[in-house]
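Here the structure comes first, spelled out in C-alpha cells, and everything after it is commentary.
The values are calculated or read from the model by the stated rules, or taken from the named source; none is laboratory data. These numbers come from a predicted model, not from an experiment. Backbone-built Cβ (ideal geometry, glycine too); neighbour counts: all protein chains shown.
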Amino acid sequence: MTEPTPVSAPRRAAFAPAAPTHLSADIVARAHELIALYPEPRSALIPLCHLAQEQDGWLTPEAMVDIAGLVGVTPGEVFGTASFYDMLHTEPVGTHVVAVCTNIACLLGGAAELLEHAEQSLGVGAGGTTSDGAFTLEEAECLADCDRAPCVQVNHRYVGAQTPESFDRLIADLRSGARAAEIPPHGTLIRVRRTTGLEVDPAAVADERRAAAEARAAREAAADGGGA
Amino acid sequence: MAITQPPKIVTSRLGYDDSHTLERYLATGGYEGLRAALARTPEAVAAEVDAASLLGRGGAGFPAGRKWSMLRKNPVTYLVVNGDESEPATFKDHLLVERDPHQLVEGVVIAAYALQVSRVFIFLRGEFALGLERVQSALNDAYAHGAVGRDIFGSGFSVDVVVHPGAGAYICGEETALLESLEGKRGFPRIKPPFFPAAIGLYGDPTVVNNVETMSNLPWIMTNGGAAFAALGGGRSTGTRLFALAGHVANPGVFELEMVKTTFDDLINAPVLGGGIPHGRGLKAFIPGGVSAPWFGPDRIDLPLGQDEVAEAGSMLGSGSVVVMDDHTCAVRAAWRITKFFSRESCGQCTPCREGSGWLERIMERIERGQGREEDLDLLMDACDNISPGVAWPPQQTTICVLGPSIPSSISSAITMFRDEFLVHIKEGGCPYG
C-alpha cells in the first residue's frame, strides 16, 4: 500500500491570497471590522458577500477573489458557499429585486395571480431581469409577512400586501425614485454599522475554547476506557 | 373554552410606535429582568428558567432549561440565537426582532449569564433587512447603556453579542445547518450523532442554540418568576405563546395566547382574534403548526393550543403558525405548492429528500394541471414511503435532518382527506376550482 496522495494541502497552497484589488477601501475597512467579530475568519464569509453586493449590486468574480483572500479560503470555496444561498447573486441582477412570495399563505391570498400580473407588467418571467437593468422579478418562498398576503419585498424591504393595481404604482414609484430613501439599491442590506468592537478579551474566549477542547478530550478518553 | 387574558409576556410594548427604541424600552421596565438576574448566581437564574418549564419556541418544543442543563456538565463556549424564521406561514420572530429588539437582547444577555458564555451570535435570516438594522441599533444602544459588553451594570459579567445575517436558505433553521452557515459554509445539516450542538457545536465547541421567542420570554421570567410563568397554560405547555394566523381569516396576525386554554376554534373564529372565515365560506382544513405538520379538518377545531394535545391528535404545534383554508380552496394546488417549497429548499445531501421532493412536485403539478393518472395517487404515497417509511406521524426518518420526513405531510393529508378531489382532477382533466 502506498500512502494516499494528499490532495487538499497542495491545492490550497496554490492559491496565494493577495491584497484586495476590487473592493473599495471603505468596504475592505468594514470587512476587517466584521472579521474581527468572529473567532474564525471564515465565519465572516457570508456577511462579506453581502458587503460586496452592496458595492456592485451582485457578487462578482473579482469580489469573490478579494473575499477569499480576506477570510483565508480559495475563491472556489467562496463561490461554492455563495451559490447555495438565494440572496447571493453570482450573476448580475436589477437595481430593484422584486420578490413575490407564492408560498401557501400568499397563494391563498392570490399570489399566483399577482405574480402573473407582475410578469406581464414588467415583461419578464420570474427569474428574469428587465432589459434596462432596473428590475429583477423573483418568485420567492415564504418571507414571514403572511398577515399581509400576498407579500412582496423589494431589495428585502417589505412593501406590504399588493394588488395588481398597487403593484403597478409601486413599480412606477421605484422607477421615479420616490421610494429611494426607504428602499436602497439591491445589495445594501444593513445600513446600521456596529459602533463598538468586541469588549471581552479575546484571550478569555480562547481560554473557554481550550477548556472545552480539554473537557471533550477527557470525556472521549473516559468513553474509550469504558469500552475497553 | 374561553379566551383567557394572560399577562402579555413578549408583546407588551407592541402598542407603541417606538417600541424598538431604548427610551421606550427603559420607560416600560426594560433591562430590569437582566438586573434581577445579575443579582443572583448563574445557577439560580438557570433554576428559575427550569421552574418556568419554558419549552423552546422554535418548532421542536424542547425544554429550554433541559437544553441548558446538558451544558452544566461541559463548559459552554457559545450561545447562538436562531432567528432564521423561514417555516412557511410563520412570522412571529419577524415581529419580535423588528418591534422589540431590546427584549431579545435582554433575554440573550440573561441566557449568556446563566450559561456563563462570553460570546453570543444572533443569526437572523437575511431577508429581515429592517430586523437586522433594528437589532444592530438596539445592540449599539445597549452597549452604550452598559447592558452588553464589559462589566454589565457593574456586575463583573461580560459578554459580546454579534448580529449575523443569513443569506436565504430555509434549511439554516435546522440548528446544525445554521452552525455550518455561521462557519461560512453551505447550510448542510450535520450527521447525527452528536444530536445536540451542546456536545459539538460551532467550530466543534459546545454551543447552545435557542429560538428568538424563547429568548424574548426570559426578561419577564426573571422579573416575575418561573412559577408565575408555569402557572399559565397547562400540562407541559406552560406560559403564553405567539400564534401566527394566516390564510383565509378576516383578521390574520400574530396573537399572544395562553397555551392549552385557547382552542383552534377560538384562534380562527373569535372576533378579537382571527374573526372567522370571510365571504360566508366554511372551513375546509387547517395546518396547525407550519407546513411540515399534517393537516386537520373541521372536526379537530376544538383542540386546545397545546403541544402534547396536538401531538396526540396526530400533528404538531411546531412553529406556532396556523394556516386556514376555506371550502373554495383546491387541496391539490395547496399541497403542490408546499411540495414545491420543499423541493426548492432541500439542501441536496440525502437522496430520498433531494430526488423524492422533485418527483413528488412534478407528479403533484401534473395532477393539478389535469394531466394526472389514477395510479399517480399510489405513486405519490410510494415515493412518500421512500422518504419516510410508513408515512406515519411522528415520521420515520431516512435522511440527515427532518426536512425530508416533513415532505409527505401535506401530500398524505391531502390524499387522505380529499381523495375525491384528486380523482376529479384526474378524471375531468383539470382543476374544479379553476
Q | Single condition B:GLY239 does not satisfy, out of (1) crowded, with 24+ Cβ neighbours inside 10 Å; (2) within 14 Å of chain A (Cβ to nearest Cβ) | A | (2)
Q.
Here are the criteria: (1) within 7 Å of chain A (Cβ to nearest Cβ); (2) surrounded by fewer than 23 Cβ atoms within 10 Å (Cβ to Cβ). Tell me which single one B:LEU132 does not satisfy.
A. (2)
Q) Residues of the range B:366-408 being in contact (Cβ under 8 Å) with a residue 60 or more places away in the chain and on the phi > 0 side of the Ramachandran plot, which ones? A) B:GLY370
Q. If you go through the range B:182-198 one residue at a time, how many are buried (at least 22 other Cβ atoms within 10 Å of the Cβ), within 7 Å of chain A (Cβ to nearest Cβ) and at negative phi?
A. 2
Q | Filtered residues of the range A:3-47 (kept if at pLDDT 95 or above and not assigned by TED's automatic domain parsing to the domain that holds A:ILE67) | A | none
Q.
Which numbered condition in (1) basic (Lys, Arg); (2) closer than 30 Å to A:GLY80 by Cα; (3) within 23 Å of the chain's Cα centre (by Cα) is the only one that B:ARG119 fails?
A. (3)
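Please tell me if A:GLN153 is of a type in the set (S, T, N, Q) and assigned to a loop (DSSP other than H, G, I, E, B). Step through it out loud before you land on a result.
Values: of a type in the set (S, T, N, Q): yes; assigned to a loop (DSSP other than H, G, I, E, B): no.
It is false that A:GLN153 is of a type in the set (S, T, N, Q) and assigned to a loop (DSSP other than H, G, I, E, B).
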Q: Scan the range B:319-345 for residues that are assigned to a helix (DSSP H, G or I) and at the interface with chain A (Cβ under 7 Å from one of its Cβ atoms) and jot them down.
A: B:ALA334, B:ARG337, B:ILE338, B:PHE341, B:ARG344, B:GLU345
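Which of the helices (runs of 4 or more DSSP H) found entirely inside the range A:33-150 contain at least 2 residues meeting this: more than 9 Å from chain B (Cβ to nearest Cβ) and in contact (Cβ under 8 Å) with a residue 60 or more places away in the chain?
On the way: elements: A:45-56, A:61-71, A:75-82, A:104-108, A:111-122.
Of the helices (runs of 4 or more DSSP H) lying wholly inside the range A:33-150, those with at least 2 residues that are more than 9 Å from chain B (Cβ to nearest Cβ) and in contact (Cβ under 8 Å) with a residue 60 or more places away in the chain span A:45-56.
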Q. Out of all the residues in the range A:179-189, is one or more buried (at least 21 other Cβ atoms within 10 Å of the Cβ), under 30 Å from B:SER118 (Cα atoms) and in contact (Cβ under 8 Å) with a residue 24 or more places away in the chain?
A. yes
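From the list B:LEU22, B:LEU26, which one is at pLDDT 95 or above, in contact with a Gly (Cβ under 8 Å, 6 or more places away or on another chain) and over 30 Å from B:VAL291 (Cβ atoms)?
Values: B:LEU26 fails: in contact with a Gly (Cβ under 8 Å, 6 or more places away or on another chain).
Checking each option against the conditions leaves just B:LEU22.
Can you name every residue in the range B:242-270 that is over 18 Å from the mean Cα position of the chain (by Cα), among the aliphatic types (A, V, I, L, M) and away from chain A (no Cβ under 11 Å)?
At the first step, the residues of the range B:242-270 found to be over 18 Å from the mean Cα position of the chain (by Cα) are B:248-251, B:261-263, B:265-266, B:268-270.
Imposing the further condition that a residue be among the aliphatic types (A, V, I, L, M) reduces the set to B:249-250, B:268, B:270.
Across the range B:242-270, the qualifying residues are B:ALA250, B:ILE268, B:ALA270.
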Q. Got a number for residues in the range A:50-70 being in contact with a Phe, Trp or Tyr (Cβ under 9 Å, 6 or more places away or on another chain) and closer than 20 Å to B:TYR203 by Cβ?
A. 1
(Q) For the range B:153-173, which positions are touching a helix residue (DSSP H, G or I) at 6+ places or on another chain (Cβ under 7 Å), over 24 Å from A:THR188 (Cα atoms) and more than 8 Å from chain A (Cβ to nearest Cβ)? (A) B:PHE153, B:SER155, B:PHE157
